[in-house]
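The values are calculated or read from the model by the stated rules, or taken from the named source; none is laboratory data. Being a predicted model, the structure only gives us computed values, none of them experimental. Neighbour counts run over all protein chains shown; Cβ positions are idealised from the backbone, glycine included. Quick note on the areas: whole protein, heavy atoms, side chains included, nothing else; ligands and nucleic acids left out. Shrake-Rupley method; radii C 1.70, N 1.55, O 1.52, S 1.80 Å.
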Amino acid sequence: MYIFGKNVAREKINSNEKINKIYLSEKFNDRELFDLIKKKKIKYSLVPSKFLDNKVDGLHQGIILEVDDVDTFDMSYIEKIHDDRAIVVILDHLEDPHNFGAIIRSCEAAGVDGIIIPRDRSVMVNPTVIKTSVGTTNNMKIAVVTNLVNTINSLKNRGFWIIGTDMEGTDYTKIDYKGKIAIICGNEGSGISKLV
């Protein structure tokens, strides 16, 4: 997978995770980031900007990293959470990678324990999600499940309270978040599905 952008690159390089290769524009002028790449002894190539433009669909800022795909988890990760104040976020068939990236970033800042997404008809972790999340996908556990309704029932059986979001609902600051909580965010167009 290719990820791109200066902030994402800096986050990934500082994480000491495996980076297969870095492609830098011949005109790349971020001396601090370039020195970090050399200090960490990561293999890089200087290439024309056109080469970078053809590699990814988005603003690469003169840097692209070739990395392994992001690890996702199955429901067993979430089931192992024993914290009495755990919070997970369930995304009900989200489609926009920019929204997913922003949600990952917000969840990481809020101390959310994990995000659950369905395997079908949903955006997966891709380069746009990683760039929009500003590299916080490294810090967030993402579980991919087959059936959201079964997952919600499983969470209920493990003591989670389920909260659905709605633009016309209760003000989020007025909800008691004590205990184990699962917050459901619906699809951008249709909201939370009827079955969920």
All but one of (1) under 19 Å from Thr137 (Cβ atoms); (2) not aliphatic (A, V, I, L, M); (3) not in a loop (DSSP other than H, G, I, E, B) hold for Gly58; which doesn't?
(3)
Which condition breaks for Glu17 when tested against (1) part of a loop (DSSP other than H, G, I, E, B); (2) over 20 Å from Gly101 (Cα atoms); (3) in contact (Cβ under 8 Å) with a residue 24 or more places away in the chain; (4) not β-branched (Val, Ile, Thr)?
(2)
By residue number, the members of the stretch 132-147 that are within 9 Å of the chain's Cα centre (by Cα), within 15 Å of Ile116 (Cβ to Cβ) and either aliphatic (A, V, I, L, M) or buried (at least 19 other Cβ atoms within 10 Å of the Cβ) (or both) are Thr137, Met140, Ile142
Any chance the stretch 117-131 includes a residue that's open to solvent by less than 80 Å² (accessible area, probe 1.4 Å) and at pLDDT 85 or above?
yes
Among the residues of the stretch 172-186, is any polar (S, T, N, Q) and either surrounded by 19 or more Cβ atoms within 10 Å (Cβ to Cβ) or more than 19 Å from Val112 (Cβ to Cβ) (or both)?
no
Quick one: is Phe34 closer than 27 Å to Arg105 by Cα, aromatic (Phe, Trp, Tyr) and assigned to a helix (DSSP H, G or I)?
yes
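Kindly indicate whether Ser154 is open to solvent by less than 90 Å² (accessible area, probe 1.4 Å), outside any strand (DSSP E or B) and either acidic (Asp, Glu) or modelled with pLDDT under 85 (or both).
No: the conditions fail for Ser154.
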Please work out which one of (1) under 30 Å from Asn157 (Cα atoms); (2) in contact with a Ser or Thr (Cβ under 9 Å, 6 or more places away or on another chain) is the condition Asp57 fails and give its number.
(1)
Suppose we keep only residues that are assigned to a loop (DSSP other than H, G, I, E, B) and without any contact (Cβ under 8 Å) to a residue 40 or more places away in the chain within the stretch 82-111. Which one would you say is least open to solvent (accessible area, probe 1.4 Å)?
Gly111
Please enumerate the residues belonging to the stretch 20-74 that are within 18 Å of Pro127 (Cα to Cα), of a type in the set (A, V, I, L, M) and surrounded by 13 or more Cβ atoms within 10 Å (Cβ to Cβ).
Ile22, Leu24, Leu52, Val56, Ile63, Ile64, Leu65, Val67, Val70
Pairs where the first residue, in the stretch 162-183, is closer than 14 Å to Ile152 by Cα and the second is among the basic types (Lys, Arg) and open to solvent by 50 Å² or more (accessible area, probe 1.4 Å), C-beta under 9 Å, 6+ apart
Ile162/Lys156; Lys180/Arg85; Lys180/Arg158; Ile181/Arg85; Ala182/Lys156
